[in-house]
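*Asks:* Supplied in structure tokens, the structure appears directly below.
What follows draws every value from the coordinates through simple rules; no lab data is involved. The shown structure was predicted, so the numbers you read here are calculated from the model rather than taken from an experiment. Reconstructed Cβ throughout: ideal geometry from the backbone, glycine too, with neighbour counts over all protein chains shown.
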Amino acid sequence: MHGSDHRAVPLTPEESNLLIAGIIIVCVILFVLAFLVPRLSNGPQKGVDKTLGIGQSGAGKAPGKLGEWLQKPFSSSRKATNKSASKGREGRGKLPL
């Protein structure tokens, strides 16, 4: 087998659950970070967004509808992480400090 052999291997249910849990943990971390230090949370948020964006664009290179379907989990994860960080900053902004 050569190093350039890139085949998509379907995830097992356990791997899917682990991936979902990972995204949830990232959302919670971004929320807490954005709430505690709003200005410093932009860097990690952009890093997560960029990483998921690379996966999304890579998945989108698949032909036709398959590319659209493969992009969806990355798109949903990006929306969730960005919304989480945004809500953390919004919550901090509403504090009477």
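*Asks:* Given the condition outside any helix (DSSP H, G or I) and hydroxyl-bearing (Ser, Thr, Tyr), answer yes or no: does some residue in the stretch 51-59 qualify?
*Replies:* no
*Asks:* Is it true that some residue in the stretch 61-83 is surrounded by 12 or more Cβ atoms within 10 Å (Cβ to Cβ) and not in a helix (DSSP H, G or I)?
*Replies:* Yes, the stretch 61-83 has at least one match.
*Asks:* Moving to a separate point now. Somewhere in the stretch 34-41, is a residue in a helix (DSSP H, G or I) and under 14 Å from the mean Cα position of the chain (by Cα)?
*Replies:* No.
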